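The next block holds one structure in the form of structure tokens; read it before the comments.
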Amino acid sequence: MSAETTVDSSRVEVPSFPESIPEGKGGEVCRKMLHYLNQKRVYLDRNLSLAKFSSIVGTNTTYLSNTVNEMFGCNLKSLINWYRVQYAKEVLRRGICRLKDIPFVCGFASKSTFYASFKRCEGITPNRFMNICRKGCEEQ
């Protein structure tokens with residue numbers, strides 16, 4: 001049984017990724033955002049803010065915020081934290097570092113923000129996720 005099959009389906013604050021990215025300035029900003037998130041992993045920067053990410057993407061804070069809301073159905077903080085949680089899941093699966101170090105490795109500024117974001121995105125705690133992963137490895 002994989003960890004994904006045991007996760008609560010009543011998740012909140014999970015972005016909905018657009019099926020296609022429209023042409024125009026909004027689409028260009030969205031493509032740049034996704035590039036910096038997926039390829040450059042800017043979400044690992046604990047000091048990443050709306051202003052800093054706007055500067056990286058090359059737009060203003062209002063336009064970036066509106067684009068995130070429109071394209072992903074959430075705010076930038078939720079989108080960034082979702083990326084951080086996905087990265088944390090991979091770190092937990094691989095057993096790369098101790099649980100207490102994971103929040104900081106994944107870009108969170110505090111343990112409490114990490115635990116709250118993980119629970120909001122996945123419906124379970126990081127400890128529970130790690131136990132499910134371990135159990136799955138033992139069964140294989």
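The values are calculated or read from the model by the stated rules, or taken from the named source; none is laboratory data. Computed from a predicted model, the values in this text were never measured in an experiment. Reconstructed Cβ throughout: ideal geometry from the backbone, glycine too, with neighbour counts over all protein chains shown. Each accessible area value is taken on the protein alone, full model and side chains, heavy atoms only, with ligands, DNA and RNA left out. Shrake-Rupley method; radii C 1.70, N 1.55, O 1.52, S 1.80 Å.
Under 1.5 on a/c is rounded, so check that first for segment 68-140, then, if it is not, pick prolate when a/b is larger than b/c and oblate when it is not; a ≥ b ≥ c are the square roots of the alpha carbon gyration tensor eigenvalues.
prolate
Accessible area per residue, 1.4 Å probe, Å², for the chain: what's the number?
Numbers: 7900 Å² over 140 residues.
Accessible area per residue: 56 Å².
Go ahead and estimate [θ] at 222 nm for the chain from helices alone: -39,500 (n - 2.57) per DSSP H run with n ≥ 4, summed, over the residue count, rounded to 500.
Working: 7 runs with 83 residues, N = 140.
Calculated mean residue ellipticity at 222 nm is -18500 deg cm²/dmol.
Give, in nm to one decimal, the length gained when the segment between Leu34 and Val105 is fully stretched (0.36 nm per residue of separation minus the Cα-Cα distance).
Going from the current span to full extension adds 23.5 nm.
Using per-residue counts of other Cβ atoms within 10 Å, averaged over each peptide, order 43-53, 15-25 from highest down. Could you put the intermediate results ahead of the total?
Numbers: 43-53: 15.3, 15-25: 10.9.
Final packing ranking: 43-53, 15-25.
With springs only between Cα atoms under 10 Å, which of Arg41, Arg84, Arg128 fluctuates most in a Gaussian network model of the chain?
Of the options given, Arg128 has the highest mean-square fluctuation.
Could you pull out every one of the lysines with an alpha carbon less than 30 Å from that of Lys25, ignoring same-chain neighbours closer than 8 positions?
Output for Lys25: Lys40, Lys52, Lys77.
Return the single residue from Lys119, Lys32, Lys89 with maximal mean-square fluctuation; model: Gaussian network over the chain, springs between Cα atoms under 10 Å.
Lys32
Choose one answer from Ser65, Ser54, Ser110: the residue with the largest mean-square fluctuation in a GNM of the chain with alpha-carbon springs under 10 Å.
The residue with the greatest mean-square fluctuation here is Ser110.
For the chain, max minus min Cα coordinate along each principal axis, in Å, sorted largest first?
49, 29, 23
Would you mind telling me the share, in percent, of accessible area of the chain contributed by carbon and sulfur at probe 1.4 angstrom? Walk me through the numbers on the way to the answer.
Details: 3790 of 7900 Å².
Carbon and sulfur together cover 48 percent of it.
Can you give the charge dipole size of the chain about its Cα centre, rounded to the nearest 20 debye, using +1 on the beta carbon of Lys and Arg and -1 on the beta carbon of Asp and Glu?
Details: 21 positive and 13 negative charges, 120 e Å.
The calculation lands at about 580 debye.
Would you kindly derive the ³J(HN,Hα) couplings of segment 45-60 from the backbone phi angles with the Karplus curve 6.51 cos²θ - 1.76 cosθ + 1.60 (θ = phi - 60°), listing them in order in whole Hz, with x for Gly and Pro?
Along segment 45-60, the couplings run 6, 5, 9, 5, 10, 4, 5, 5, 5, 4, 5, 4, 6, x, 9, 8 Hz.
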